[in-house]
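Below you'll find the structure, written out as structure tokens, and then a few comments.
The values are calculated or read from the model by the stated rules, or taken from the named source; none is laboratory data. Since the model is a prediction, treat every value here as computed from it, not as a measurement. Here the Cβ is made from the backbone with ideal geometry for all residues, glycine too, and neighbour counts use every protein chain on show. Protein only, heavy atoms only, side chains kept; ligands, DNA and RNA dropped before computing areas. Shrake-Rupley method; radii C 1.70, N 1.55, O 1.52, S 1.80 Å.
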Amino acid sequence: MQNVKEKISRNGGSLKRGRVRKLAVTAVLGAVSAALMFVAFRVPLMPSFIQLDLSELPALIAAFSLGPGSGVAVCLIKNLVHLLVTTTGGVGELSNFLLGAAFVLPAGLVYRFRKDRVGALLGSLAGAALMALASLPSNYFITYPFYAMLMPMEAILDMYRAINPNVQTLMDALVWFNIPFTFVKAMLSVGVTFLIYKRISPVLKGKS
């Protein structure tokens, strides 16, 4: 009986340490993700106000190594941190969080049920596709209405028309520019994750 109690106690202690480590690693990845939001650069063939960053990268790594909930938590942490310096009144951060969650949640869920490279790839593709599709309503109903408060919508569309004169409406701009851009952005994070995940996974999981 004593041995059973000791075993239960050891298992309980191990589970508690595992939860604490998971929270700590999630917090660290959230901080890294927040830092990466500040490392952005312009993309050719896109309006100047659209910039590329890899802040979803730590969230995808968290979703694979710690579970989809941790991936979503990283997305939340980075945007809460970014609220301290927001220039959009939280609108940009809300959109960023929704798109990030749409990316890492399906990726982490698929990988949970198939823990191999095929599962990771399928989950990543599903997440990237969902993120790209979700960018349409997110931009149309959340982000660009805010931009229109700062700049006339026609001025915004003119920036797209300078690249593609066929743009007539905001929907045109989002379909031809923002959706492909969002998908490519997600796939860049996927590519980097595939390059480094095997090396850092043991450290994140505390098995090194």
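Condition check ((1) under 26 Å from ALA102 (Cα atoms); (2) among the aliphatic types (A, V, I, L, M)) across all residues:
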residue: MET151; (1), (2): no, yes
residue: ALA155; (1), (2): no, yes
residue: ASN164; (1), (2): no, no
residue: ASP172; (1), (2): yes, no
residue: ILE179; (1), (2): yes, yes
residue: THR182; (1), (2): yes, no
residue: MET187; (1), (2): yes, yes
residue: VAL190; (1), (2): yes, yes
residue: THR193; (1), (2): yes, no
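Pairs linking a residue in segment 183-207 that is of a type in the set (Lys, Arg) to a residue that is open to solvent by 50 Å² or more (accessible area, probe 1.4 Å), with Cβ atoms under 9 Å and 6 or more positions apart or on different chains, are LYS185/LEU54; LYS205/ARG21.
Summed over segment 84-126, residues that are in contact with a helix residue (DSSP H, G or I) (Cβ under 8 Å, 6 or more places away or on another chain), charged (D, E, K, R) and open to solvent by 60 Å² or more (accessible area, probe 1.4 Å) total 3.
For segment 127-154, filtered to residues that are in contact with a helix residue (DSSP H, G or I) (Cβ under 6 Å, 6 or more places away or on another chain) and among the hydrophobic types (A, V, I, L, M, F, W, C), the residue that is most open to solvent (accessible area, probe 1.4 Å) is LEU130. Among the residues of segment 38-68, the one identified as farther than 25 Å from TYR144 by Cα, outside any helix (DSSP H, G or I) and in contact (Cβ under 8 Å) with a residue 60 or more places away in the chain is LEU66.
With open to solvent by 20 Å² or more (accessible area, probe 1.4 Å), in a helix (DSSP H, G or I), touching a Pro at 6+ places or on another chain (Cβ under 6 Å) and not polar (S, T, N, Q) as the only criterion, which of VAL81, VAL32 stands out? Step through it out loud before you land on a result.
Values: VAL81 fails: touching a Pro at 6+ places or on another chain (Cβ under 6 Å).
One residue alone meets the criteria, VAL32.
Would a scan of segment 47-63 turn up a residue that is farther than 26 Å from ILE200 by Cα and in contact with a His (Cβ under 9 Å, 6 or more places away or on another chain)? Within segment 47-63, not a single residue is farther than 26 Å from ILE200 by Cα and in contact with a His (Cβ under 9 Å, 6 or more places away or on another chain). Can you name the condition, by its number, that LEU60 falls short on among (1) of a type outside the set (D, E, K, R); (2) over 12 Å from the mean Cα position of the chain (by Cα); (3) open to solvent by less than 10 Å² (accessible area, probe 1.4 Å)? All conditions pass for LEU60, except number (2). Checked against the criterion of being in contact (Cβ under 8 Å) with a residue 24 or more places away in the chain and in contact with a Pro (Cβ under 9 Å, 6 or more places away or on another chain), segment 171-178 has at least one qualifying residue. Residues in segment 42-57 that are buried (at least 17 other Cβ atoms within 10 Å of the Cβ) and among the hydroxyl-bearing types (Ser, Thr, Tyr): SER55 only. In segment 8-29, the qualifying residues are those that are among the β-branched types (Val, Ile, Thr), open to solvent by 50 Å² or more (accessible area, probe 1.4 Å) and within 24 Å of LEU105 (Cβ to Cβ), and the one that is modelled with the lowest pLDDT is VAL20. Residues in segment 88-111 include none that are without any contact (Cβ under 8 Å) to a residue 12 or more places away in the chain, over 11 Å from the mean Cα position of the chain (by Cα) and part of a helix (DSSP H, G or I).
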